[in-house]
Amino acid sequence: MWPCNATHLQIGGYLQALRRDERILALGDCASLTIQKPDGTQLHIPAPAQSAYQQANLLGKSLARHIQHGNDLHRFDYKDHSSLVSLAAENTVGNPMGNLFDTINMKTLLRA
């Protein structure tokens, strides 16, 4: 499980605080979210901007409908769109589409 300390609010799949007032909603860096996948395994949602953006997008739409019409909040479904970390001018380490690969030459990647 992702390291979680007193500065992270544990939230559930609807981005509502667990073990606290369910009217508290949290997302991004201040929240720690672990969801259960359809196969029953646990998946911790990472804190980078990618997941925070997805959470904010869902929460903005879901919260507006909840306030206006009393609709239930929508469940968060994380989609990994990959990430790259630049280590130097020509090398990187990445996690494209969820598959980790070793250092690659950036020139090769940019030509693709």
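The values are calculated or read from the model by the stated rules, or taken from the named source; none is laboratory data. Because the structure is predicted, anything quoted here is derived from the model rather than measured. Glycine also receives a Cβ, built like all others from the backbone with ideal geometry; neighbour counts cover every protein chain displayed.
Take the residues of the range 27-76 that are of a type in the set (Gly, Ala, Ser) and out of contact with any helix residue (DSSP H, G or I) (no Cβ under 9 Å at 6 or more places or on another chain): which is nearest to Ala17 (Cα to Cα)? Only one residue fits best here, namely Ser32. Figure legend. Inter-residue proximity from the range 6-33: first residues at positive phi, second residues exposed (fewer than 15 other Cβ atoms within 10 Å of the Cβ) and part of a strand (DSSP E or B), beta-carbon distance below 8 Å, spacing 6+ or different chains. Indicated pairs: Arg19/Gln10.
On inspection, Ile24 qualifies as at pLDDT 85 or above and of a type in the set (Val, Ile, Thr). Could you check the range 4-21 and list, in sequence order, the residues that are part of a loop (DSSP other than H, G, I, E, B) and at pLDDT 85 or above? Scanning the range 4-21 gives Gly12, Gly13, Tyr14, Leu15, Leu18, Asp21.
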